[in-house]
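The values are calculated or read from the model by the stated rules, or taken from the named source; none is laboratory data. As the structure is a prediction and not an experimental result, all values here were calculated from the model. Here the Cβ positions follow ideal geometry from the backbone for every residue, glycine too, while neighbour counts run over all protein chains shown.
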Amino acid sequence: MAAERPLLEVENLRTYFDTPRGILKAVDGVSFTLDKGETIGIVGESGSGKSVLVRSIMNILTSNAIIPDGSEVFFDGKDTRNLSRSEAKHFWGTQMAMIFQDPMTSLNPVKKVGIQITESIRYHLGASKQEAMERALELMVQVGIPEPRKRLKEYPHQLSGGMRQRVTIAIALACNPKLLIADEPTTALDVTVQKQILDLLASLQEELGMAMILITHDLGVVAGRARRIGVMYAGKMVETADTTTLFHHMNHPYTEALFKSIPRVEHQSHTRLDAISGRPPDMVLDLVGCRFAPRCRYAQEQCITDEPDLFDTGQTGHRQACFYPVGSPENAEALAANQATGITAAGLDLTAAAVS
Amino acid sequence: MAGTGKVHMRGTEALVSVEDLVMEFPAGRRAVVHAVSGISFDILEGETLGLVGESGCGKSTTGRAMMQLPSPTAGSVRFDGVEMTELSKEDLRRTRTRMQMIFQDPISSLNPRRKVKDIVAEGLSIWHNDAGDTAVQKVNEVLDAVGLDPEVVSDRRPHQFSGGQCQRICIARALVLDPKVIICDEPVSALDVSVQAQILNLLEEMKERYGLTLVFIAHDLAVVKNVSDRVVVMYLGKVCEVAGPDTLYAHPAHPYTDVLLASIPEPDPDHPVSDRQITGELPSPINPPSGCRFRTRCEKVQDLCSEEEPELREIAPDHYVACHFPNEVPVSVNGDGDSS
């Protein structure tokens, strides 16, 4: 393999689930690459497919998942989808590791913290019990747990939420993975603890040279942390760009809407928030046109009939999927036309849009 | 952090006034959890009071103690001229119809086996107001008010709705008995940002439409700022700072408020990530630190902080802080166009 090859290449990844209601297209054609040591942030609402995307990369899907042909995930030049179960077992932990949203449910409540950290060290690296314990102690110090020796002998319920998340990070890092996937690592935590955990992840990443995928629904979380951001909506990537480019030249109306719905401290109190009306589409249905069109202020006839593909905007690495990108003259015209009639082509009532 | 100070109380015109509220729970082996240790605040009619602080600071306990769920260990809660802590069981039941609550997890706070119309109508049926068309009308009216179509949702059950919609149902249920006060305990913490904005807007609308007084409990200062007229910052069962939201954000006086503000993730890549971070863990409420309870994690800590508990004092008009060494606050600014 050429040295320049990215650490992770995801090409047209589709993940469907066979459900009683029909085929649910959770991820529907997502492509991106990630270099060694780089952080990408993936942002979107609940149900946009972000978690299924990373679970597909990690190959830890439920048995009713279907990955159609043509979907490719290459990690370090290897196709992860062809791994056998036993190969996969050694792949998880040493190559890729994951931390989850709720540290209480991702830790085993009846096992001591030390046992849970050493488990993978002993399994993957074949370390003795004592060596593993020493490594666990090192990890506990590294993730900033006070009194690590005492904590190793405690159960998860004896730790606070932030400490538990530090333990899951220690477990994930135990075998020096090349890629760390953090699936909403701070959503269940307080803002102060969130900041501690994000700072910790950033410093560990720098120290260890890991690549990271940071999943969140909050654009604020990724703004200062990720080099690139991908915005997902209804199983598709709708915009990807460098973090600064994305925030300065938001092209996709969904990115804009997500950004505007964040309450900002700079704003006066009682500032009305620009909520996104409606909710994401039912992914069991055959979706035609742009998936965001029913909730979009700018929607035109074309958005209902044709599905926009991701295309380059002209700026390096900035790709977006909208016919009427925010900031373009077409977009201004579309909005003016919709405002004149008070209703978008997809039937969204602009006068009432702010209410729900 | 003094809870003992009462300089920020605004006298008799308040709709709800909480004084020296103490809430303690037995923790076994004679240990006591000091969840709330003597806090005071008041709420004017039509005002939104934000209670903000980290997990474990006693904000939810305070909200529940106002409802007498359970009654506080000591202190007084006066609501509309009535002392809640002294009411008989029956009077308390009647009074509670005018004070409702909304909880953090909307899905688990709805009975999964009941239809939406029955969930919302339950308050009415308990008070025997469910006879005839007026009850149905009332239920439909509140469902409509929270942005749900009564015809579509009435016969559905909670699992058929998203988190945001379930929170709307909870709000409808709280509204059906025409309460004066709604205590919202982390109503948007479990929701996505986009849905969070919908619910925050909805609460503002409902407040206007039904003339509500709100207590808004949350750990996210940005959210609290958006909805509140007055903010009380709590730490480990004590009040740190009380001010109008815009003053508080422009000129945080308490070191803890400062850290809370610095922790908010800014959706702006040009805004450098602040290196200020709260250090250490929240001390145990079983054995809280002497003097100022924040001293173990405070950058400005001095000997005085462990010896003497700071009392709430006014450092600028309508801006109160309980700290021996607060940040400088421009006194002349007079609230910075504050709405409270």
Quick count over the stretch A:136-159, residues being touching a Ser or Thr at 6+ places or on another chain (Cβ under 8 Å) and surrounded by fewer than 19 Cβ atoms within 10 Å (Cβ to Cβ), is 0
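Which of the residues that make up the stretch B:6-35 are among the small types (Gly, Ala, Ser), assigned to a strand (DSSP E or B) and closer than 17 Å to residue B:230 by Cβ?
B:17
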Tally time: how many residues in the stretch A:50-64 are touching an Asp or Glu at 6+ places or on another chain (Cβ under 9 Å) and buried (at least 18 other Cβ atoms within 10 Å of the Cβ)?
4
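Residues checked against (1) in contact with a Leu (Cβ under 9 Å, 6 or more places away or on another chain); (2) closer than 18 Å to residue A:276 by Cα:
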| residue | (1), (2) |
| --- | --- |
| A:292 | no, yes |
| A:302 | no, no |
| A:310 | no, no |
| A:328 | no, no |
| A:332 | no, no |
| A:337 | no, no |
| A:341 | yes, no |
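Please enumerate the residues belonging to the stretch B:220-232 that are within 12 Å of another protein chain (Cβ to nearest Cβ) and buried (at least 24 other Cβ atoms within 10 Å of the Cβ). Show your work before the answer.
Of the stretch B:220-232, the ones within 12 Å of another protein chain (Cβ to nearest Cβ) are B:220-231.
Residues satisfying the conditions are B:221, B:223, B:224, B:225, B:226, B:227, B:228, B:230, B:231.
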Candidates B:63, B:50, B:38, B:56 - the one that is within 16 Å of the chain's Cα centre (by Cα), part of a strand (DSSP E or B), of a type in the set (Gly, Ala, Ser) and within 26 Å of residue B:258 (Cα to Cα)
B:50
Out of the residues in the stretch B:269-310 that are at pLDDT below 85 and in contact with a Gly (Cβ under 6 Å, 6 or more places away or on another chain), which is nearest to the other protein chains (Cβ to nearest Cβ)?
B:273
Output the number of the condition that residue A:245 fails; it satisfies all remaining conditions of (1) of a type in the set (Val, Ile, Thr); (2) in a helix (DSSP H, G or I); (3) at the interface with another protein chain (Cβ under 8 Å from one of its Cβ atoms); (4) touching a residue at least 12 places away in the same chain (Cβ under 8 Å).
(3)
Tell me the residue from A:291, A:264, A:295 that is buried (at least 22 other Cβ atoms within 10 Å of the Cβ), among the basic types (Lys, Arg) and within 14 Å of chain B (Cβ to nearest Cβ), please.
A:295
Log entry, pairs with first residue in the stretch B:163-176 being within 14 Å of chain A (Cβ to nearest Cβ) and in contact (Cβ under 8 Å) with a residue 40 or more places away in the chain, second being buried (at least 24 other Cβ atoms within 10 Å of the Cβ) and among the hydroxyl-bearing types (Ser, Thr, Tyr), beta carbons closer than 6 Å, six or more apart or on different chains, reads none
Confirm whether residue A:185 is farther than 30 Å from residue A:152 by Cβ and either within 14 Å of another protein chain (Cβ to nearest Cβ) or of a type in the set (Val, Ile, Thr) (or both).
no
Residue A:218 vs (1) without any contact (Cβ under 8 Å) to a residue 24 or more places away in the chain; (2) within 10 Å of chain B (Cβ to nearest Cβ): all pass except (1)
Neighbours by Cβ (under 6 Å, 6+ apart or cross-chain): first from the stretch B:97-122, of a type outside the set (A, V, I, L, M); second in a strand (DSSP E or B) and at pLDDT 95 or above:
B:100/B:182
